[in-house]
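The values are calculated or read from the model by the stated rules, or taken from the named source; none is laboratory data. A quick note: this is a predicted structure, and the numbers were derived from the prediction, not measured. Cβ placement follows ideal geometry from the backbone for every residue including glycine, while neighbour counts extend to all protein chains displayed.
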Protein chains: 2
Amino acid sequence: MSSVEAGAPGGGTARRELVVTFTREQIAAYAEASGDRNPIHLDDEAARAAGLPGVIAHGMLQMGLLARVAGDPARLRRLSCRFAEVVAPGDTVTFRGEETNGRVELTAVNQDGRAVITRGRAELAPSGLDGRS
Amino acid sequence: MSSVEAGAPGGGTARRELVVTFTREQIAAYAEASGDRNPIHLDDEAARAAGLPGVIAHGMLQMGLLARVAGDPARLRRLSCRFAEVVAPGDTVTFRGEETNGRVELTAVNQDGRAVITRGRAELAPSGLDGRS
């Protein structure tokens, strides 16, 4: 997992990037933590019976990683995205966020250049832990 | 954790409910699985230094639980919400989803009747694993 952050303090556009190669172990850990133990995430045979090539990552695991490039999680006030492609163990996904004045455009693209998440958007509170409403 | 599901097969409105009492252990497990180990989720002293009464749950942990009442995760195509209130260990949150024709309205309310998440919406694919776009 690697990450890059570049910003213009006090204004302008801040860019964040996170590159993640998904593993079975990470998907299994997320299944435990989230309580979503659907066998399509844990058991290749069950995944194939569901028409998949093998186990896939949880959409919400992808969205959780996407949220990390939105900015400071304590400032995160709104998040939305569309799940476009499945992500399997071994896939490498580049998550990118581009923030201007608290509005963030989010993308997630796999090693084949395909968008696994589309229409990713976030809103950040102005600062610290304020701004909940 | 308790859950209820009631639906009208073949049409109408399906309702799902999940009641979760958050624990430090669950929040710590989510920190590991997601890689978000911000001390405001793990260390009371650090949380207090940030102006909080103590550790709080990750917004994305709340959103992950919210996604579970949206419906079959394999059909989840779009998800959005707004984070309105912090959730701390010991808080009991009732997550509810009400689906009509693949459109889901989502709510999350704590033991004091306060909405911790607002503007929760999801879209589900018509069936199975199809419908990605």
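I'd like the residue in the range A:37-74 that is under 12 Å from the mean Cα position of the chain (by Cα), closer than 18 Å to B:A57 by Cα and outside any loop (DSSP other than H, G, I, E, B) and, out of all such residues, is farthest from the other protein chains (Cβ to nearest Cβ). Looking at the filtered set, the residue picked out is A:L66.
Among the residues of the range B:90-119, the ones that are in a loop (DSSP other than H, G, I, E, B) and within 14 Å of another protein chain (Cβ to nearest Cβ) come to 3 in all.
Among the residues of the range A:1-25, those that are crowded, with 20+ Cβ neighbours inside 10 Å and within 11 Å of another protein chain (Cβ to nearest Cβ) comprise A:L18, A:V20. The residues listed here are B:R77, B:R114, B:R68; of these, the one that is touching an Asp or Glu at 6+ places or on another chain (Cβ under 6 Å) and in contact (Cβ under 8 Å) with a residue 40 or more places away in the chain is B:R77. Restricting the range A:75-84 to residues that are surrounded by fewer than 22 Cβ atoms within 10 Å (Cβ to Cβ) and in contact with a Gly (Cβ under 9 Å, 6 or more places away or on another chain), which is nearest to B:L65 (Cα to Cα)? Per the criteria, the residue is A:S80.
With respect to B:V87, determine if the residue is of a type outside the set (G, A, S), in contact (Cβ under 8 Å) with a residue 60 or more places away in the chain, within 9 Å of chain A (Cβ to nearest Cβ) and buried (at least 18 other Cβ atoms within 10 Å of the Cβ). Taking the combined requirement at face value, the residue does not satisfy it. A:R132 meets all of the listed conditions (1) at negative phi; (2) modelled with pLDDT of 95 or more but one, namely (2).
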